[in-house]
């Protein structure tokens, strides 16, 4: 297995569990407790019998004490669907460090899903296509049988996030969580895809993965700009610039405004959004940032 997807990396995740913030449908068989009553064997509460209830659930001991009919309620455990959308554009893979970081983030969420017996799907976004090469994964054996293939994903071309997600067969609603991992450096209106997923009542997390120099450039002097998506010169021209303090300051301001735009958009929809730098250990994101926003919780 690739070094950046080592057994030690996954062992660290054993203390975490995905946290669903709202009641979702899912299917029976997982480990998430839903705020409704179902058919597990763990007792939850009583309520009075009403016409049409299953008489087999009547508690006859209570009837003997109160001469009234009560039925037993049990907790409902559901299996959710964790959909992980990975931006496989060239800008995400121009520097291998960034690609590996994004893959580790995707793998971490996938592992947490199968660990809780949820159904996991990895969707690879390239151009206007959204591929699901591994099918539905349930259980650790299924996960580890494909994880090295995820490590070998190719990053090329552009990623038209909305076009790709909206072109998929109809996505079930109210059944789980969607995570989009991207630098969100695309002219495609990716917000449409997020609106669609929230319309489907998914719990959504946006993980913006950036290199330190993308967040806060440290280089300067004469530079030639090349489009990382196409590997061509900007506008087909040799665009050489002298990058000075004013230009870096303007870039930082534009980046801050873009991050604030995504944050504001996310807050309006009630979804989670974080920006992570590949210069910061991934453990900081997994064990601090996401715990702070209660995206998941520690297992006790």
Looking only at segment 268-290, which residues are in a loop (DSSP other than H, G, I, E, B) and either modelled with pLDDT under 85 or closer than 18 Å to residue 107 by Cα (or both)? 278, 280, 281
Go through (1) part of a helix (DSSP H, G or I); (2) free of Cβ contacts under 8 Å to residues at least 40 places away in the same chain for residue 106 and report which single condition fails. (2)
Checking residue 113 against (1) modelled with pLDDT of 90 or more; (2) buried (at least 22 other Cβ atoms within 10 Å of the Cβ); (3) in contact with a strand residue (DSSP E or B) (Cβ under 8 Å, 6 or more places away or on another chain): exactly one of these is not met. Which one? (1)
Using beta carbons and a limit of 7 Å, which pairs, at least six apart or on different chains, have the first residue in segment 244-268 and on the phi < 0 side of the Ramachandran plot and the second one surrounded by 14 or more Cβ atoms within 10 Å (Cβ to Cβ) and part of a helix (DSSP H, G or I)? 255/215; 265/191
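Can you say whether residue 160 is assigned by TED's automatic domain parsing to the domain that holds residue 271, crowded, with 22+ Cβ neighbours inside 10 Å, modelled with pLDDT of 90 or more and more than 14 Å from the chain's Cα centre (by Cα), as far as the supplied structure shows?
Working: assigned by TED's automatic domain parsing to the domain that holds residue 271: yes; crowded, with 22+ Cβ neighbours inside 10 Å: yes; modelled with pLDDT of 90 or more: yes; more than 14 Å from the chain's Cα centre (by Cα): yes.
It is true that residue 160 is assigned by TED's automatic domain parsing to the domain that holds residue 271, crowded, with 22+ Cβ neighbours inside 10 Å, modelled with pLDDT of 90 or more and more than 14 Å from the chain's Cα centre (by Cα).
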All but one of (1) in a helix (DSSP H, G or I); (2) closer than 27 Å to residue 9 by Cβ hold for residue 133, so report the exception by its number. (1)
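Considering only segment 171-256, give the strands (runs of 3 or more DSSP E) lying wholly within it that have at least 1 residues that are assigned by TED's automatic domain parsing to the domain that holds residue 105 and at pLDDT 90 or above. Let's see the steps before the verdict.
Working: elements: 176-182, 203-210, 221-224, 240-243.
Counting at least 1 such residues, we get 176-182, 203-210.
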Could you list all residues from segment 174-199 that are out of contact with any helix residue (DSSP H, G or I) (no Cβ under 8 Å at 6 or more places or on another chain) and surrounded by fewer than 16 Cβ atoms within 10 Å (Cβ to Cβ)? 174, 187, 199
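Kindly indicate whether residue 113 is in contact (Cβ under 8 Å) with a residue 12 or more places away in the chain and part of a loop (DSSP other than H, G, I, E, B).
On the way: in contact (Cβ under 8 Å) with a residue 12 or more places away in the chain: yes; part of a loop (DSSP other than H, G, I, E, B): no.
No, not satisfied.
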Restricting to segment 119-141, what's the tally of residues that are crowded, with 21+ Cβ neighbours inside 10 Å and either within 14 Å of the chain's Cα centre (by Cα) or over 18 Å from residue 163 (Cα atoms) (or both)? 7
Please find, within segment 136-162, the residue that is nearest to residue 83 (Cα to Cα) out of those that are touching a strand residue (DSSP E or B) at 6+ places or on another chain (Cβ under 8 Å) and not in a loop (DSSP other than H, G, I, E, B). 137
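The values are calculated or read from the model by the stated rules, or taken from the named source; none is laboratory data. Since the structure is predicted, the reported quantities are computational estimates derived from the model, not experimental observations. So basically every Cβ, Gly included, is an ideal-geometry build from the backbone, and we count neighbours across all protein chains shown.
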